[in-house]
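Structure first, commentary second.
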Amino acid sequence: MKVLFLSTWFPYPPDQGSRIRAYQLLRALSAHHDLALVSFEDQPLQPAWIDHMRQLCRSVDIVRRRPFADLDPSPWRGALSRRPRAVVAGYSREMETRVREVGEAWGPDVVVSLTFVTAPYALQVPAPHHVVDVDNLTAQMLAEAFRQETRWAPRLRRYLAYRKFRSYERQLFGRFDLCLVTSPRDVERLAGEIPGRSSRIGLVPNGVDLDFNQRGGIARTPNQLVFSGALTYEPNLDAMRYFLERVFPQVLAEESQARLLITGRTGGAALPMSNGHVTLTGHLEDIRPTVAGSAASVVPLRKGAGTRLKILEAMALGTPVVSTTKGAEGLEVDPGVHLLIADEPGLFARETVRLLRQPDLGQQLAEQAHARVRQKYDWAHIRDAFCSMVETLVERQ
């Protein structure tokens, strides 16, 4: 089978949630089929990364994707279009041309595109089959932002943005032969948006590489908490501001030696640093020792969509997790069995302190969580299921 794979992010190295998913899905198909990759360049690429992808793909084409801030600044260009401004301003004629050229030369049996960003280019290739990995439903994220906004003017803008994106996603995803989402909840949501096409929706959860994410005998550092995630992603920044302003002071009142490590790029974000109890590590080439060596992983997310790889990675590495309901959204995990859930600042602080003071509780949660990850979220099984879905689509039609 010949596959044209369009990626919103260059899929290597798999060091961030979106790239991990892109890499694993591409790897699944490349194990059994011929692939041509056309990818946006979302960061400066090293030659070794490109060489690695050329070992998996017959051809690799790269198109630079400019940051949204560098695109057309006119709000009217998006306001006067039926498409969302982000779609209008971010559209790449170079990507369109490259995809058309590769598609004509390659003659794929199926085009697989990642997210609404590359989906429009996929539909311009006259292949027999088209698949889109929706990943996150952007309209749902915008609806959530609208509901949380209390000021009338921003609330109106958010509502209009949500309605426009919802309409756009409906017509876009309705044109694909197969749409993939990450959680059972998103299966239901998307089925409601494209009625009559539920048979074209597939569940491909996010996962974790259990061969790569192994504890490896790393000793825990008492009183050490970790939050893994770049602060350049607004939901992560919001989570840390919430935690440091409303939760961590209560933790320190009970455990004065507690400290928090925040990994990932900061983008110059300003945070209340709690008098030396917080460390910004910056981007780590290998996050595993930091997560595995922590007494608990805190995930106080209040925004966003999809499923959280940071939780799955912590569970794979044997680190107990305290999360909000939003943070654990989309994961088939049980509160009190696989992790602790707390949505109020005081409760989140108390549950965090429990894990710092009761290592046996943390160990019990970690063992049960690891078993659930092995059962439901091992990328080795997810890759096989994904590849089978695409193969079945092509064979059936």
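The values are calculated or read from the model by the stated rules, or taken from the named source; none is laboratory data. It should be emphasised that the depicted structure is a prediction, and the values quoted were computed from it without experimental measurement. FYI the Cβ positions are ideal-geometry reconstructions off the backbone, even for glycines, and counts take in every protein chain you see.
Points to keep in mind about this one:
- Restricting attention to region 140-159, the residues that are under 27 Å from Arg197 (Cα atoms) and within 23 Å of the chain's Cα centre (by Cα) total 5.
- Strands (runs of 3 or more DSSP E) within region 246-309 that include 3 or more residues crowded, with 18+ Cβ neighbours inside 10 Å, touching a residue at least 40 places away in the same chain (Cβ under 8 Å) and aromatic (Phe, Trp, Tyr): none
- Boolean, Arg77 is more than 17 Å from His130 (Cα to Cα), at pLDDT below 90 and of a type in the set (Lys, Arg): yes
- A single member of Tyr162, Tyr121 is surrounded by 13 or more Cβ atoms within 10 Å (Cβ to Cβ) and either at pLDDT below 90 or under 20 Å from the mean Cα position of the chain (by Cα) (or both), and it is Tyr162.
- Residues in region 22-48 that are part of a strand (DSSP E or B) and in contact (Cβ under 8 Å) with a residue 60 or more places away in the chain: Ala36, Val38, Phe40.
- Every listed requirement among (1) out of contact with any Pro (no Cβ under 8 Å at 6 or more places or on another chain); (2) at pLDDT 85 or above is met by Phe146 save one, (2).
- Residues that are among the aromatic types (Phe, Trp, Tyr) and either in contact with a Ser or Thr (Cβ under 8 Å, 6 or more places away or on another chain) or assigned to a strand (DSSP E or B) (or both) within region 1-21 comprise Phe5, Trp9, Phe10, listed in sequence order.
- Looking only at region 207-239, residues that are farther than 21 Å from Leu25 by Cα, crowded, with 20+ Cβ neighbours inside 10 Å and in contact (Cβ under 8 Å) with a residue 60 or more places away in the chain come to 7 in all.
- Taken over region 12-69, the residue count meeting the criterion of being under 16 Å from the mean Cα position of the chain (by Cα) and over 21 Å from Ala105 (Cβ atoms) is 15.
- Matching residues in region 78-109 - criterion: being under 21 Å from Arg58 (Cβ atoms), buried (at least 17 other Cβ atoms within 10 Å of the Cβ) and aliphatic (A, V, I, L, M): Met95, Val99, Val102
- Among residues that are in contact with a helix residue (DSSP H, G or I) (Cβ under 7 Å, 6 or more places away or on another chain) and of a type in the set (S, T, N, Q), Gln257 is not included.
- Residue match in region 365-385 (condition: in a strand (DSSP E or B) and of a type outside the set (D, E, K, R)): no
- Qualifying residue in region 193-206 (condition: touching a helix residue (DSSP H, G or I) at 6+ places or on another chain (Cβ under 9 Å), outside any loop (DSSP other than H, G, I, E, B), at pLDDT below 90 and surrounded by 15 or more Cβ atoms within 10 Å (Cβ to Cβ)): yes
- So Glu169, is it modelled with pLDDT of 90 or more, assigned to a helix (DSSP H, G or I) and not hydrophobic (A, V, I, L, M, F, W, C): yes
- Residues located in region 310-346, provided they are part of a loop (DSSP other than H, G, I, E, B), closer than 13 Å to Gln363 by Cα and among the small types (Gly, Ala, Ser): Gly318, Gly336
- Residues (more than 26 Å from the chain's Cα centre (by Cα) and exposed (fewer than 13 other Cβ atoms within 10 Å of the Cβ)) located in region 359-391: Asp360
- Residues that are touching a helix residue (DSSP H, G or I) at 6+ places or on another chain (Cβ under 7 Å) and basic (Lys, Arg) were ranked within region 292-350; the one that is farthest from Glu144 (Cα to Cα) is Arg302.
- Restricting Ala139, Ala161, Ala119 to those that are under 15 Å from Val3 (Cα atoms) and either in a helix (DSSP H, G or I) or not aromatic (Phe, Trp, Tyr) (or both) reduces the list to Ala119.
- Scanning region 325-354 for residues that are farther than 22 Å from Thr221 by Cβ and touching a strand residue (DSSP E or B) at 6+ places or on another chain (Cβ under 7 Å) yields a total of 7.
- Residue list for region 326-372, restricted to those being among the basic types (Lys, Arg) and either under 19 Å from Leu210 (Cβ atoms) or not assigned by TED's automatic domain parsing to the domain that holds Arg246 (or both): Arg372
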